[in-house]
Amino acid sequence: MSARKLSTAEIMVALSLVLWGYVVQPLVATFQRSLEGKGLLAEYAPFFDFHSVQNEAMRGSLWISFLSVICAGVVGTLLAVLLNRWDFRFRRIYQALVLLPIALPPLMGVKAFYLLYGKAGTFPQLLGGIFHGNPSDFAITGIAGVLLVHTLTMYPYFYLSVAASLAQSDDSLEEAAYSLGASRIQTWIRVLLPMLTPPIVAGALLTFMSSMASYTAPLLFEVNNVMTVQIANNAATQASLASAVAVVLAIISVIFLIVIRGYEARRVYRTQSKGGARRRQRVSGAWANVMLFISALLSTLVLILPIAMIFLLAFSKNYSWRTAPLPSEYTMENWIRLFSLSDAWAPIRNSVEMSAIAVAGAVLLGVTCAYVIARTKSRGNAVIDIAMMLPWALPGTVVAFNLIVAFARPSVFSFGQVLIGTYWIVPLAYFIRFSPLIFRSTSSSLAQLDPALEEAARSLGASWWTSFWRVVLPLVRGGIAGGVLLAFVAGVGEFVATIMLFPKLKYRPLSIAINDELNVGRWGTAACLGAIQVLLVLAVVILMRRVEDRSTIAHNT
Amino acid sequence: MTVLTLEALSKFFQRAGLVVDAVNLRIEDGEFFTLLGPSGCGKSTILRMIAGLEEPTSGRILFGDRDVTFAPPNQRGIGLVFQNYALFPHLTVARNVAFGLEVRKLSSDEITKRVTAALAQVQLEKLGQARVDQLSGGQQQRVALARALVIRPQFLLLDEPLSNLDAMLRGETRTMLRAVHNESEVTTIYVTHDQEEALGMSDRIAVLSGGRIHQVADPKDIYERPATRFVASFIGRNNAIEATVIRLQNDMVTIQFANRSELTVNTKQRAPGVELAAGAKVVACIRAESLCLSANGQIDGTLSDIEYSGSGFACIVKSNLGNLKIEVPMSVQLPSRGETVHLSMSAAAVHLVQP
């Protein structure tokens, strides 16, 4: 009827086209590719055959994910309760340190774990020396190694959701339970734990999905019978097998995406009363204090070690680490080389550049999508929402594989070009993977924005565009910035999809350079690049804090 | 100057159904006009359609001769005050007020001048540089009003502007709104569910229920001559008693209640459309304050509930005509709860409506 309705419809069509072209259609292409070999039945039946490699990989992935949920769940929940319900010395410092794993770059981080606990690692060597045994008897290898990495990198999913729930929880509920005659233990079992169920389930779903998608940890700890490794190993040689595995993994991920969405919609426990911050119990008694102190110290030490290892290695001489617990010679050479040779600097420039291109596109898509969904009541919204979040749920390996299949030949969506082997395939993959991050953070900002503000601006004479530019954007700036920085962090560290896609040496980004250096044994050079990733992430986190501080002036309507 | 006309305006929502049902209204220039009704009666939807925030399903909206039915809100020249004020949290008080002038691209001298004047009008001249979240609810309300008035709108639309204020502030703000209206002479359309606000402030009131207009009249007529049973029950403490017409002589009509008592009233004391042939069913409306305790009253009952109201007592009497609300002034000796009482009604206070 009016001009504005027409343009909303046009935007919807444009969004659908983009999502179809770069998200859904590549997935469909992978499915078609899987049928080009032996056909539907022959390709998918083995998943149900206990003795097939496909079934073994699927069981492997599910089993590791299940164990990861348990381990990360126990660690994350305990840490959250410990640091948020009790007060003790240096609690605030631990609270900051406990989120360190988020800053761990994917590839170099896992390598650091490997160098600390794996074959011929620091700890096995130390223990071997102390007990006069063979170091490899003390090494953590195989599935145990993968689990260690998963636990220590994924427990923040539990920690963050449980801590947020504890911070919101209402003292009066606990007091009510006591006043009704419940003992301390009864209160925990019947009141506090049920309230923690939603955040724990949310953490479990995220951990399970991330474990299914995990590629680097199984790769380094040489666990080959998981689905991600199977896809990567067979991508070139047995494309129809790899395609089928990718499709099955995608289906599992989509199921999880739908479960998570449904669960989030159903989460009901909210605080009813206002009031000040929660009171924390101050721990009294020397013993309890010492115990808490030691456990907090130990757990944070474990968390700091991988990052400490990266920085230590960055100052070590290449090939200087043979059979000692730690490298034996140290030098500034890695850093000097980095800042003096343009070749050495190129990966950093590539990573930043590719991430920046991807983020620019992702902002356009993510913000438009978030705004359209928040402000229209169209039936297509749910479909667009799911398509938008799909790449977030898909493992990086699957996203990369889909792109390989879809853009190995000219397509409308690549303007008639073959994208595989060109510079643009990597930013495209980043764009697809990171749009959901910006979409989500913008959506949650928009959800807090009172629609009456826009109506007020319009009634005061502002055109739609003026009101968007001068009222909506300034108020959701924090949300957009949060998403941008998250996406940027992920882009600088990206390894899983990049390793399958990157075109040539000239265009290799950070993670690939690190991988290459590790493969030829130049651990010092690799760690130096890894340290740069950590520093970039930290810089971005600090920046994010500042933006958030400035944008919290806003909402109190 | 401008007259606002609504012609057969309707709005249909997928979920809620027909919220506004063929509403016709003519709001005169300079009027303080109130849309009054319970929540869900469609009054806010009408306001939002006038503002251009909703599109009507059918019907027309005219500002003077100009058809604005589908004009975007920014081309209507209206000032809108929201229930929750909708102040821009990222702008200072002065920048909030300046917003409408800035988008009109006025010179900065002119903007400064008009913003200062607008803030003075609502007694906030000192808070121009304050952040919006530093203000109290009452102050935010006044900023919202200044922001709407500063653009010199053709119509000032207020959507339940007092509902988030406490009782004392509400009184003060009412006085201020009247003063602002008198001074600026801007046609004001006020939406509320509070009959006291409506009666106290308006030049005319439209009472709505279920998307339809039940009555448009000045406050005195609304109170004393309700057009329908709904209006009678929505405004004030009112009793609706069913009765049957037994005699019509000249301009006097005699009705009989369920307890066989009879009452003769003037035929003028009825809403339009009430049929007065013998045997016709009518509803007699009588305000709580017009029912008196009297030893020889024709209505018998027992006093079942007493509430002290400051100026007197608000009571409920269980009578042979159903539960009746009465008001007893302090000067009258009040029987205690459970005692038998007799009530009389003065014929002049009765108003007949359709059942």
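Only the coordinates and a few stated rules stand behind these numbers; no lab work does. This one's a predicted model, so the numbers in the text were calculated from it and none came from an experiment. Note that each Cβ is placed from the backbone with ideal geometry, even for glycine, and that neighbours are counted across all protein chains shown.
Values computed for the structure shown
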{"read-out": "Exposure proxy order (Cβ contacts within 10 Å, fewest to most) of A:D49, B:D109", "value": "B:D109, A:D49"}
{"read-out": "Over the protein assembly as shown: helical MRE at 222 nm, DSSP H runs n ≥ 4 each giving -39500 (n - 2.57), nearest 500", "value": "-17000 deg cm²/dmol"}
{"read-out": "Distance between region A:428-448 and region A:98-148 - C-alpha centres, whole angstrom", "value": "35"}
{"read-out": "Mean-position separation - Cα centroids, region B:31-54 and region B:81-159, in angstrom", "value": "23"}
{"read-out": "Efficiency of FRET between B:H342 and B:A240 - r from beta-carbon atoms, R0 25 angstrom, step 0.05", "value": "0.75"}
{"read-out": "Order of B:S261, B:S304, A:S68 - criterion: other Cβ atoms within 10 Å of each residue's Cβ, fewest first", "value": "B:S304, B:S261, A:S68"}
{"read-out": "Alpha carbon centroid spacing (whole Å) that separates region B:318-355 from region A:320-345", "value": "99"}
{"read-out": "Residues of type lysines that A:K317 reaches as a straight line, Cα spacing below 28 Å, ignoring anything fewer than 8 places off in the same chain", "value": "A:K111, A:K119, A:K504, A:K506"}
{"read-out": "Sites B:D65 and A:V383, calculated FRET efficiency, Cβ-Cβ separation with R0 56 Å, nearest 0.05", "value": "0.80"}
{"read-out": "Chain B: DSSP helices with Cα axial extent of at least 15 Å and average Kyte-Doolittle hydropathy no lower than 1.6", "value": "none"}
{"read-out": "Amide H partners (placed H, <5 Å) of B:N239, local residues excluded", "value": "B:I286, B:R287, B:A288"}
{"read-out": "Helix runs (DSSP H) in chain A reaching 30 Å along axis by Cα, Kyte-Doolittle at least -0.5", "value": "A:53-85, A:142-168, A:239-266, A:286-314, A:342-375, A:425-447, A:523-551"}
{"read-out": "Shape call, chain A: gyration tensor on alpha carbons, a/c limit 1.5", "value": "rounded"}
{"read-out": "Fewest-first ranking of A:V53, A:V69, using other Cβ atoms within 10 Å as the exposure measure", "value": "A:V53, A:V69"}
{"read-out": "Charge sum, other residues only, whose C-beta stays under 14 Å from A:F221's C-beta, Lys/Arg counted +1 and Asp/Glu -1", "value": "+1"}
{"read-out": "Dipole axis of chain B (+1 Lys, Arg; -1 Asp, Glu on Cβ), positive-most option in B:L87, B:C41, B:A240", "value": "B:L87"}
{"read-out": "Chain B shape via C-alpha gyration tensor axes, a/c threshold 1.5", "value": "prolate"}
{"read-out": "Total formal charge among the other residues, if their Cβ is under 9 angstrom from that of B:T187, Lys/Arg +1 and Asp/Glu -1", "value": "-4"}
